[in-house]
2 protein chains.
Amino acid sequence: MLTDRQMMILRMIVDNYVLSAEPVGSRTISKQTDLGLSAATIRNEMADLEELGYLEQPHTSAGRIPSQMGYRFYVDHLLMGDTRVSGQEISRIKSLFTERIGEMERVAQQTALFLSNLTQYTAVVLGPQVYDTTLKNLQLVALNDHTAVLLMVTSSGQVYNRTVSMPEGISLHEMESLVQVLNARLAGTLMYRIRSRALEEITHELTRHMRDYEEAVHLLDQVVTWLETDQEGKVYLGGATNMLLQPEFRDVHKAQPVLTWLERHHDVMEALRGAESALQLQVRIGGENDVQSLHDCSLITATYSVGGLPVGVIGLIGPTRMDYARVIPLLGHLSKGLSELLTKFYVS
Amino acid sequence: MLTDRQMMILRMIVDNYVLSAEPVGSRTISKQTDLGLSAATIRNEMADLEELGYLEQPHTSAGRIPSQMGYRFYVDHLLMGDTRVSGQEISRIKSLFTERIGEMERVAQQTALFLSNLTQYTAVVLGPQVYDTTLKNLQLVALNDHTAVLLMVTSSGQVYNRTVSMPEGISLHEMESLVQVLNARLAGTLMYRIRSRALEEITHELTRHMRDYEEAVHLLDQVVTWLETDQEGKVYLGGATNMLLQPEFRDVHKAQPVLTWLERHHDVMEALRGAESALQLQVRIGGENDVQSLHDCSLITATYSVGGLPVGVIGLIGPTRMDYARVIPLLGHLSKGLSELLTKFYVS
DNA sequence: GTTAGCACTCGATGCGATCGAGTGCTAACA
DNA sequence: TGTTAGCACTCGATCGCATCGAGTGCTAAC
């Protein structure tokens, strides 16, 4: 285990490196500390910390930088009660969430932008995916003789829609009555059960009412596929180009993989969805990320919830040299505020 | 006016520079041309072309690169009938548009991705904004006692939705009947007239049916604001990070402004909306762009239409050194294909 | 009008000297 | 035993300088 002094030095090295992005030397620490220790003493301690794996040396005559393990220790043991979020920031968060909201998704986008502006990192918000939402309403709105829009409203106020073209052999009228029956039968069904229930009901109805079974199956296919793909929720990015502000990504070849990865929303979603089921707040440093492109980044995630049930994730991506002390409590406040807002709004 | 030989040389310089991204020397041209001209002759012509403003010299002992004016001449006069799109590419475009589509917006996103993959530039597709669409359907779906979702379906199959919370003093029931009346009165109205018509009708109904006028105006506000913001259409990006592949943007400080600009969807939309009303196909080279961040880029736009009416824009953004010869006809094919698909789908 | 020849320009590349921040080690000190 | 001053050493960064070569402009000859 580390001595108190070692912890203090590690902490100071991380704090300094986070700000300067340059290796921290023993003199710097010696001058900043008020324990009156000379640079030589610090050097000895630093050598020990390096041997233990908490520090690294870019090259022989450079200062030290924290290793991945060093950051991990810092986050796990040196941050308790360390809240470097200013009162002003907290009140900005509050005011962000006191605005009247139009829809869940708009709030998600707003949050991503807000967070990225505040931190100069890249923010990712995973749109709410409420598992215990039920189907409120299913409707078909005809556009013309062979085209219609199918609408689905959930109890959490999300709206899914898809334009469908009628196959030959099925009239709009037949389809409308089918949807009406489905609406009556499926309303109140949990969303994640919709697919299987819909399959049952549709095949049931089809065999009863429809003449052209083959074609109808095709339409059924469209709708079911749609249910699968759209329910995944959306990814909202904020400040993707903030990545380029960080000195460690000033080289295009370093930045490109990360930015390209961020463009693949589906992959981003997958990476964050994992965090949802885990702890309320999670920090993944460098190589701790499964995703190869994020090996030089840290990903901090916080889940937000409605009525106590986790429904989405707020994430922040930056270099491993992240300002954890500021950013972690910030994310905590943000997820808490978002949860409260959504809960107030959707739990009647 | 330029002589035939000058045009030929200009054309070869552009073609070479587009591929290599490096200044083109007289020897290179001399070897490639089959007219049997020596490097010295080419040099003389190049000096003339520079004096005329079509070429530039990065420094004294370097080859020449096309000036903005040079690109302009190339695009305007040297590209006629020059189609460098392969048959394979054309068939890929066709197959892209033969898939069954779920909704307009999905096609827009697909097109952006496809185009950026094909060209290694950044593609932007401006979602369809159909001016002569009418309102099909307006509905209110209640979520709980004080929250509801307002749905709006247009004749082109677009769905707008917004969650609204009932102000104190207005019951859900009152609201429902108001929406029903509105639906009956507004169905068939042209979308861009919706706002004013809705204002008329709502105030009319309000004074007739509702007790608490003040609060209702607030709700009205929500809805009207929503109509204004959501109808703008959306921007779909493809391959924003492709920008980083171009040698002229290998320096982060060059790339950052462009990427940041691309993140501001609203600004992108504004820039492209302008192109919509203009020509069918438009090329803006470097400083010809109004947007400061695009002064080192070229923006090529093509409008697509439904039933002959322009509804959206496909754009391609790259360095001024763009492969115009390939990209311009490509955009032409793409916008044509998209127009045909949408027309077939939405014009009954 | 075209071309060969040639001096000239100027960025790119490579090399060596210098600089300085920071280290590790040793010996002395409390 | 822990701390510190002193000192030699390391190594990236920076600068100056020589070299190289692609490409030019000009002149004179064809």
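All of the numbers you see were taken from the coordinates with simple rules; none came from a lab. Computed from a predicted model, the values in this text were never measured in an experiment. Virtual Cβ from ideal backbone geometry, glycine too; neighbours counted across all protein chains shown.
Results, tabulated for the structure shown:
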| item | result |
| --- | --- |
| Cβ-placed point charges (K, R +1; D, E -1), dipole of region A:4-77 about Cα centre in debye, nearest 20 | 180 debye |
| Inter-label distance, nm, simple model (7 Å from Cα along the C-beta direction), A:His146/A:Thr189 | 2.9 nm |
| Inter-copy separations for A:Arg273, label at 7 Å along Cα-Cβ, nm, ascending | 3.5 |
| Region B:36-103 versus region B:309-348: alpha-carbon centroid distance in Å | 20 Å |
| Signed unit charges on C-beta, dipole axis of chain B, positive-most listed residue B:Met322, B:Asn16, B:His295 | B:Asn16 |
| Mean ellipticity per residue at 222 nm, deg cm²/dmol - from DSSP H runs of n ≥ 4 across chain B, formula -39500 (n - 2.57) | -16500 deg cm²/dmol |
| Mean separation of Cα contacts under 8 Å, 6 or more apart, over the residue count of chain A: relative contact order % | 18 percent |
| Residue order, fewest to most beta carbons within 10 Å, for A:His173, A:His204 | A:His173, A:His204 |
| Acute angle (nearest 10 degrees) that the helix B:172-186 long axis makes with the longest principal axis of chain B, alpha-carbon atoms | 60 degrees |
| Nm distances between copies for A:Glu340, ranked from closest, using label points 7 Å along Cα→Cβ | 5.8 |
| Percent RCO, i.e. relative contact order, over region B:226-348, from Cα pairs under 8 Å lying at least 6 residues apart | 18 percent |
| Charge-dipole axis of the protein assembly as shown as Lys and Arg at +1 and Asp and Glu at -1 on Cβ define it, positive-most pick from A:Met175, A:Asn117, A:Gln129 | A:Asn117 |
| For B:Lys344, A:Lys136, A:Lys254, order by how many other beta-carbon atoms lie within 10 Å, fewest first | B:Lys344, A:Lys254, A:Lys136 |
| Three-way shape call for the protein assembly as shown based on the alpha-carbon gyration tensor, with the a/c threshold at 1.5 | oblate |
| Cα-projected label distance for A:Ala40 with A:His295, points at 7 Å along beta-carbon direction, nm | 4.1 nm |
| Mean Cβ neighbour count within 10 Å, used as a protection proxy, ranking A:143-154, B:150-161 highest first | B:150-161, A:143-154 |
| Ranking of B:Met80, B:Met46 by count of other Cβ atoms within 10 Å, fewest first | B:Met80, B:Met46 |
| Charged-residue dipole, Cβ positions (Lys, Arg, Asp, Glu), region B:1-141 about Cα centre, Debye nearest 20 | 380 debye |
| Dipole axis of region B:4-77 (+1 Lys, Arg; -1 Asp, Glu on Cβ), positive-most option in B:Thr33, B:Pro58, B:His77 | B:Thr33 |
| Spin-label proximity, B:His77 to region B:26-55 - amide N less than 17 Å from point 7 Å beyond Cα toward beta carbon | B:45-55 |
| Relative contact order computed over region A:4-77 (Cα-Cα under 8 Å; 6+ residues apart), in percent | 34 percent |
| Shielding score for B:235-248, defined as the mean number of other chain Cβ atoms within 10 Å | 3 |
| Tensor-based shape of chain A (alpha-carbon gyration tensor, a/c under 1.5 rounded, otherwise prolate or oblate) | prolate |
| For region B:233-329, size of Cβ-based charge dipole, Lys and Arg +1, Asp and Glu -1, in debye | 180 debye |
| For region B:4-77: rounded, prolate or oblate by the Cα gyration tensor [a/c cutoff 1.5] | rounded |
| Under 18 Å from the Cα of A:Lys254 - lysines, other chains or at least 8 residues apart | B:Lys254 |
| Copy-to-copy label separations for B:Asn183, where each label sits 7 Å from Cα toward Cβ, in nm and ascending | 0.8 |
